[in-house]
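A.B. asks: A single structure is presented below for examination.
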Amino acid sequence: MAKTKFTDIDSLSLQGINEDAELIPLMTPEDEEEINREKLPENLPILPLRNTVLFPGVVIPITAGRDASIKLINEANNNEKIIGVVSQKDEEVENPGIKDINNIGVVARILRVLKMPDGNTTVIIQGKKRFNISEITQEEPFLRANVEEIPETKPDVQNEEFGAIIDAIKDLALQIIKSSPNIPSEASFAIKNIESNSFLINFVSSNMNLSVEEKQNLLATNDLKERALATLKFMNIENQKLALKNDIQSKVQSDMSQQQREYFLHQQMKTIQEELGGVSHEDEIEEMRVRAKDKKWSEDVQKHFEKELSKMQRMNPQVAEYSIQRNYLDLFLDLPWDEFSKDKFDLKRAKKILDRDHYGLDDVKRRIIEYLAVLKLRNDMKSPILCLYGPPGVGKTSLGKSVAEALGREYVRISLGGLRDEAEIRGHRKTYIGAMPGRIIQSLKKAGTSNPVFVLDEIDKLSIGNAGDPSSALLEVLDPEQNSEFHDNFLELGFDLSKVMFIATCNSLNTIQPALRDRMEIINVTGYTIEEKIEIAKRHLLPKQLKEHGLTKDDLKIGKAQLEKIVEGYTRESGVRALEKQIAKVVRYGAKSIAMEEDYNKKITNEDIIEILGSPRLERDKYENNEVAGVVTGLAWTQVGGDILFIESILSKGKGNLNITGNLGKVMKESATIAMEYIKSNAEELGIEAGIFEKYNVHIHVPEGATPKDGPSAGITMLTSLVSLFTQRKVKKSIAMTGEITLRGKVLPVGGIKEKILAAKRARIKELILCKENERDIKEIKDEYLKGLTFHYVNEMSEVIDIAITNEKVKNAKEL
């Protein structure tokens with residue numbers, strides 16, 4: 001075979017040039033004659049090809065991955081290097097048999113076998129002659145068959161028509177190479193240097209963009225002239241397509257605007273995203289449409305959604321507003337429009353749940369049961385707005401969870417403490433980058449229903465900042481007459497909150513905006529008595545701490561007496577938060593002992609309590625004696641519940657000045673001034689010499705100066721202290737009082753009565769003096785809380801003095 005003209009392998013496929021490829025000879029007429037003289041073997045190993053057809057004279061690389069193919073190539077490469085190549089009828093068939101392959105194929109010579117890094121075998125083969133399979137002689141490990149040569153009908157060399165066809169094929173091939181950007185220009189060199197007409201036809205047929213079936217039909221055509229005409233026909237079609245494509249590209253390119261260019265790039269990006277497993281822009285929109293079909297929204301909401309979805313469809317995904325629009329539509333689809341959980345109206349079960357989770361709090365439980373009863377009867381009642389008001393640690397927030405379980409509703413909670421941005425409630429407008437809905441809408445999205453139990457924690461701790469007043473934004477949320485169309489700035493559409501059960505919690509009503517307070521039903525959650533605290537510790541706190549510290553009830557036991565000692569000596573609050581911390585210390589003592597394998601008392605004693613917690617820091621009985629004139633016990637309300645305080649008065653030589661100390665507020669100082677002026681005005685009735693006021697200075701002090709104190713409820717206590725001081729008479733033992741005074745000596749009612757009574761019981765007070773109008777507050781308190789207490793109801797200050805001050809002089813009484 002002559003080796004005078006060469007090209008490389010990839011040029012033969014017209015797909016690109018590989019400069020490092022080994023040079024393969026082009027077929028010359030002499031080579032063709034030599035092939036024609038070669039005798040065809042009677043029996044050949046048959047190699048099926050999935051997606052290509054080999055033509056005589058053409059060199060192609062193939063990749064062998066099937067075991068049978070690799071075995072065939074290895075055996076042939078070691079022997080005569082001659083194989084039979086046929087194409088498969090269906091490329092999906094993994095192990096083709098006689099029915100899966102075409103009968104007409106080409107004898108091929110193996111030129112080179114290459115082992116690739118991925119484990120496959122690449123073989124370079126060159127076609128020789130066509131053959132027809134007459135009989136399959138072997139199927140395993142690969143196919144072998146008896147073959148017969150198929151003669152080829154060639155036109156006469158002087159045939160002008162055939163020569164014209166060949167020239168047309170050459171010219172058209174060169175034109176296609178020139179017009180197509182995907183075929184390297186070097187391929188034209190190969191076309192120009194082909195001398196054999198039959199090889200030219202086979203070479204072009206092999207490299208045209210045709211299906212396997214069309215190429216097989218060309219190979220099966222015995223008449224070379226017919227094959228040439230068929231090839232020319234396909235080439236004309238290919239050339240017309242290429243010309244049309246180039247013409248369209250030219251026109252589009254000249255008219256393409258920047259927006260069209262971006263769209264084209266976006267389409268490419270879409271394809272890349274799909275290849276990488278991502279979701280395209282159109283897929284997102286279609287997914288939203290599918291999700292929207294299942295939503296239970298009104299016609300107005302449906303129209304608004306369709307409008308916004310169309311707007312998103314027209315947007316360029318690369319602009320910043322696209323992500324906002326997508327978040328907006330996601331929110332629309334995630335919100336529970338008209339989706340409600342079914343309420344459970346088993347009132348006995350609800351009461352059991354409330355009693356199980358919370359000891360005491362009877363007023364709150366009764367209100368919840370009343371609400372459930374009305375809802376059961378009407379089934380369309382708008383949810384009330386409850387506000388649980390009381391000191392920290394009494395279970396206001398956790399009560400919301402129990403209510404949700406009792407109703408069978410979802411539970412949502414947001415903390416409003418320190419909130420100073422109105423957008424946290426109403427959301428941001430969509431025009432801002434990073435816009436988000438308000439926390440009300442976000443929480444409803446999280447709940448998944450339109451009627452959850454919604455706890456607004458610490459509503460009294462809302463602040464006013466530069467970004468608006470959040471408490472004013474809550475006016476619409478907490479108004480049953482308005483919140484059926486709650487407007488969120490981000491949502492831009494009314495959302496029905498009327499079925500939501502809002503439960504607000506607060507420690508003080510003074511800091512809540514009056515208009516907001518007016519929209520809520522205030523339920524006073526007072527502090528716990530010592531007995532209640534012991535029960536709560538036994539039922540809830542101790543089991544909870546044992547579980548959290550990895551212990552069982554058999555590892556550590558704390559009796560009622562020990563729990564009472566912890567309550568009395570180590571806590572001084574209305575709630576149980578500090579009590580839980582002290583119990584946690586005791587439980588940690590047990591956990592440490594078990595972990596270090598130390599001996600310890602599983603049943604905690606009083607001595608163990610002192611060893612673990614130290615000496616008691618808070619004495620239950622703060623009241624000491626009545627041997628000093630001018631010292632009176634008062635009752636006060638604080639943020640953490642009720643407390644007792646002492647009013648101390650003392651006289652010193654001077655000119656009648658009044659000094660008041662003890663970190664007191666303006667109202668409390670005014671109470672002291674009123675008390676002093678009342679005594680001066682009624683000195684004769686009180687048995688006080690009038691001239692004494694000009695001889696002595698009076699100093700009133702309220703101990704514990706680190707704690708701010710204010711309010712009018714210490715008025716009668718201050719007056720009693722001053723009368724005791726000026727008369728040097730004893731104050732009755734174990735008595736405390738609370739009430740406001742006027743210049744006329746009237747006693748006015750005050751608030752926080754239950755908390756003050758609990759504080760009095762903790763301090764072992766036996767008698768209490770209250771305003772007559774506060775009697776109604778006492779009647780609302782359980783009798784068990786009042787056990788051991790005697791109440792004196794008064795209207796005038798003279799009655800207070802008669803009850804509280806005895807006629808007995810104090811020891812070492814001063815002569816005034």
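The values are calculated or read from the model by the stated rules, or taken from the named source; none is laboratory data. What you see is a predicted model; the values in this text were computed from it and never measured. All Cβ positions, glycine included, derive from the backbone under ideal geometry; neighbour counts span all protein chains shown.
A.B. asks: For segment 794-808, which positions are surrounded by fewer than 17 Cβ atoms within 10 Å (Cβ to Cβ) and within 60 Å of the chain's Cα centre (by Cα)?
C.D. replies: 795
A.B. asks: On the basis of being in contact with a Gly (Cβ under 6 Å, 6 or more places away or on another chain), modelled with pLDDT of 85 or more and of a type in the set (A, V, I, L, M), does residue 44 make the cut?
C.D. replies: Values: in contact with a Gly (Cβ under 6 Å, 6 or more places away or on another chain): yes; modelled with pLDDT of 85 or more: yes; of a type in the set (A, V, I, L, M): yes.
Here the answer is yes, as residue 44 does meet what is asked.
A.B. asks: Please specify each residue of segment 93-132 satisfying the condition of being within 54 Å of the chain's Cα centre (by Cα), of a type in the set (S, T, N, Q) and in a loop (DSSP other than H, G, I, E, B).
C.D. replies: Kept after step one, since they are within 54 Å of the chain's Cα centre (by Cα), are these residues of segment 93-132: 93-95, 115-122.
Then keep just the ones that are of a type in the set (S, T, N, Q); that gives 95, 120-122.
Hits for segment 93-132 are 95, 120.
A.B. asks: Further question on the same structure: Considering only segment 29-72, how many residues are of a type in the set (S, T, N, Q) and assigned to a helix (DSSP H, G or I)? Break it down stepwise before answering.
C.D. replies: Looking only at segment 29-72, we keep the residues that are of a type in the set (S, T, N, Q), and these are 36, 43, 51-52, 63, 69.
Filter once more, keeping what is assigned to a helix (DSSP H, G or I): 36, 69.
Within segment 29-72, residues that are of a type in the set (S, T, N, Q) and assigned to a helix (DSSP H, G or I) number 2.
A.B. asks: How many of the residues in segment 145-164 are in contact with a helix residue (DSSP H, G or I) (Cβ under 9 Å, 6 or more places away or on another chain), more than 18 Å from residue 219 (Cβ to Cβ) and among the hydrophobic types (A, V, I, L, M, F, W, C)? Before you say what the answer is, go through the steps one by one.
C.D. replies: Of all residues in segment 145-164, those in contact with a helix residue (DSSP H, G or I) (Cβ under 9 Å, 6 or more places away or on another chain) come to 145, 150, 152-157, 159, 161-163.
This time we only want the ones that are more than 18 Å from residue 219 (Cβ to Cβ), so: 155-157, 159, 161-163.
Checking the rest, the ones that are also among the hydrophobic types (A, V, I, L, M, F, W, C) come to 157, 162.
Counting residues in segment 145-164 that are in contact with a helix residue (DSSP H, G or I) (Cβ under 9 Å, 6 or more places away or on another chain), more than 18 Å from residue 219 (Cβ to Cβ) and among the hydrophobic types (A, V, I, L, M, F, W, C) gives 2.
A.B. asks: Looking at segment 133-148, is at least one residue among the β-branched types (Val, Ile, Thr), modelled with pLDDT of 80 or more and in a loop (DSSP other than H, G, I, E, B)? Talk me through it step by step, then tell me what you get.
C.D. replies: Pass one, segment 133-148, residues among the β-branched types (Val, Ile, Thr): 133, 136-137, 147.
Within this subset, residues satisfying the condition of being modelled with pLDDT of 80 or more are 133, 136-137, 147.
Filter once more, keeping what is in a loop (DSSP other than H, G, I, E, B): none.
No, that holds for no residue.
A.B. asks: Let me ask you something else. Given the criteria within 23 Å of residue 730 (Cβ to Cβ) and assigned to a loop (DSSP other than H, G, I, E, B), does residue 688 qualify?
C.D. replies: Numbers: within 23 Å of residue 730 (Cβ to Cβ): yes; assigned to a loop (DSSP other than H, G, I, E, B): yes.
It is true that residue 688 is within 23 Å of residue 730 (Cβ to Cβ) and assigned to a loop (DSSP other than H, G, I, E, B).
A.B. asks: So how many residues does segment 532-556 have that are polar (S, T, N, Q) and either buried (at least 16 other Cβ atoms within 10 Å of the Cβ) or at positive phi (or both)? Give the derivation first.
C.D. replies: Residues of segment 532-556 polar (S, T, N, Q): 545, 552.
Still in the list and also either buried (at least 16 other Cβ atoms within 10 Å of the Cβ) or at positive phi (or both): 545.
So the answer is 1.
A.B. asks: Are there helices (runs of 4 or more DSSP H) fully within segment 153-239 with at least 2 residues that are among the polar types (S, T, N, Q) and more than 20 Å from residue 52 (Cα to Cα)? List them.
C.D. replies: Per the criteria, 160-179.
A.B. asks: Does residue 473 satisfy the condition of being touching a Lys or Arg at 6+ places or on another chain (Cβ under 7 Å), crowded, with 19+ Cβ neighbours inside 10 Å, aliphatic (A, V, I, L, M) and modelled with pLDDT under 85?
C.D. replies: Working: touching a Lys or Arg at 6+ places or on another chain (Cβ under 7 Å): yes; crowded, with 19+ Cβ neighbours inside 10 Å: yes; aliphatic (A, V, I, L, M): yes; modelled with pLDDT under 85: yes.
Judged against the criteria, residue 473 is a match.
A.B. asks: What's the total number of residues in segment 396-422 that are buried (at least 24 other Cβ atoms within 10 Å of the Cβ) and of a type in the set (Gly, Ala, Ser)?
C.D. replies: Qualifying residue count, segment 396-422: 2.
A.B. asks: What is the residue count in segment 72-124 for residues that are of a type in the set (D, E, K, R) and closer than 26 Å to residue 149 by Cβ?
C.D. replies: Step one: of segment 72-124, the residues of a type in the set (D, E, K, R) are 75, 80-81, 89-92, 94, 99-100, 109, 112, 115, 118.
If we keep only those that are closer than 26 Å to residue 149 by Cβ too, we end up with 75, 80-81, 89, 99-100, 109, 112.
Residues flagged as of a type in the set (D, E, K, R) and closer than 26 Å to residue 149 by Cβ within segment 72-124 amount to 8.
A.B. asks: Same structure again: So in segment 276-293, with the set limited to residues that are modelled with pLDDT of 80 or more and over 15 Å from residue 328 (Cβ atoms), which one is surrounded by the fewest Cβ atoms within 10 Å (Cβ to Cβ)?
C.D. replies: Step one: of segment 276-293, the residues modelled with pLDDT of 80 or more are 285-293.
When the remaining residues are screened for being over 15 Å from residue 328 (Cβ atoms), the result is 286-287, 289-290, 293.
Working: 286: 12, 287: 12, 289: 12, 290: 9, 293: 6.
Looking at the filtered set, the residue picked out is 293.
A.B. asks: If I ask for residues that are at pLDDT below 85 and surrounded by fewer than 19 Cβ atoms within 10 Å (Cβ to Cβ), which ones from segment 512-531 would you list? Don't jump to the end; show me each part of the working.
C.D. replies: Let us first name the residues in segment 512-531 that are at pLDDT below 85, namely 524-531.
Of everything in segment 512-531, those that are at pLDDT below 85 and surrounded by fewer than 19 Cβ atoms within 10 Å (Cβ to Cβ) turn out to be 524, 530, 531.
A.B. asks: Taking the stated definitions as given, is residue 198 within 17 Å of residue 235 (Cα to Cα), touching a residue at least 24 places away in the same chain (Cβ under 8 Å) and surrounded by fewer than 16 Cβ atoms within 10 Å (Cβ to Cβ)?
C.D. replies: On the way: within 17 Å of residue 235 (Cα to Cα): yes; touching a residue at least 24 places away in the same chain (Cβ under 8 Å): yes; surrounded by fewer than 16 Cβ atoms within 10 Å (Cβ to Cβ): no.
No, not satisfied.
A.B. asks: Would a scan of segment 374-381 turn up a residue that is surrounded by fewer than 22 Cβ atoms within 10 Å (Cβ to Cβ), assigned to a loop (DSSP other than H, G, I, E, B), of a type in the set (Lys, Arg) and out of contact with any Gly (no Cβ under 9 Å at 6 or more places or on another chain)? Give the derivation first.
C.D. replies: Kept after step one, since they are surrounded by fewer than 22 Cβ atoms within 10 Å (Cβ to Cβ), are these residues of segment 374-381: 374-381.
Restricting the remaining residues to those that are assigned to a loop (DSSP other than H, G, I, E, B) gives 379-381.
Filter once more, keeping what is of a type in the set (Lys, Arg): none.
The answer is no, given that none of the residues of segment 374-381 is surrounded by fewer than 22 Cβ atoms within 10 Å (Cβ to Cβ), assigned to a loop (DSSP other than H, G, I, E, B), of a type in the set (Lys, Arg) and out of contact with any Gly (no Cβ under 9 Å at 6 or more places or on another chain).
Yes/no matrix, rows are residues, columns are (1) in the same structural domain as residue 199 (by TED's automatic domain parsing); (2) closer than 29 Å to residue 194 by Cα; (3) touching a helix residue (DSSP H, G or I) at 6+ places or on another chain (Cβ under 8 Å):
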{"residue": "51", "(1), (2), (3)": "yes, yes, yes"}
{"residue": "74", "(1), (2), (3)": "yes, no, no"}
{"residue": "77", "(1), (2), (3)": "yes, yes, no"}
{"residue": "81", "(1), (2), (3)": "yes, yes, no"}
{"residue": "85", "(1), (2), (3)": "yes, yes, no"}
{"residue": "100", "(1), (2), (3)": "yes, no, no"}
{"residue": "116", "(1), (2), (3)": "yes, no, no"}
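Okay, residues lined up against (1) out of contact with any helix residue (DSSP H, G or I) (no Cβ under 9 Å at 6 or more places or on another chain); (2) outside any loop (DSSP other than H, G, I, E, B); (3) surrounded by 17 or more Cβ atoms within 10 Å (Cβ to Cβ); (4) modelled with pLDDT of 85 or more:
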position	(1), (2), (3), (4)
573	no, no, yes, no
587	no, yes, yes, yes
594	yes, yes, no, yes
621	no, no, no, no
635	no, yes, yes, yes
645	no, yes, yes, yes
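The rows are residues; the columns are (1) touching a strand residue (DSSP E or B) at 6+ places or on another chain (Cβ under 6 Å); (2) acidic (Asp, Glu); (3) in the same structural domain as residue 487 (by TED's automatic domain parsing); (4) assigned to a helix (DSSP H, G or I).
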| position | (1), (2), (3), (4) |
| --- | --- |
| 296 | no, no, no, no |
| 302 | no, no, no, yes |
| 317 | no, no, no, no |
| 325 | no, no, no, yes |
| 328 | no, no, no, yes |
| 339 | no, yes, no, no |
| 351 | no, no, yes, yes |
| 360 | no, no, yes, no |
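A.B. asks: Considering only residues that are free of Cβ contacts under 8 Å to residues at least 12 places away in the same chain and either under 21 Å from residue 392 (Cβ atoms) or among the charged types (D, E, K, R) (or both), which ones fall in segment 511-537? Working first, answer last.
C.D. replies: First pass over segment 511-537, keeping only residues free of Cβ contacts under 8 Å to residues at least 12 places away in the same chain: 514, 518.
Within segment 511-537, 518 is the sole residue that qualifies.
A.B. asks: Select from segment 448-469 the residues that are surrounded by fewer than 21 Cβ atoms within 10 Å (Cβ to Cβ) and not charged (D, E, K, R) and write down the one among them that is modelled with the lowest pLDDT. Explain how you work it out, then say what you get.
C.D. replies: Our first condition is that a residue be surrounded by fewer than 21 Cβ atoms within 10 Å (Cβ to Cβ); within segment 448-469, this holds for 448-449, 457-458, 461, 463-469.
Add one more test, that the residue is not charged (D, E, K, R), and what stays is 448-449, 463-468.
Numbers: 448: 88, 449: 89, 463: 80, 464: 78, 465: 71, 466: 74, 467: 68, 468: 74.
The qualifying residue modelled with the lowest pLDDT is 467.
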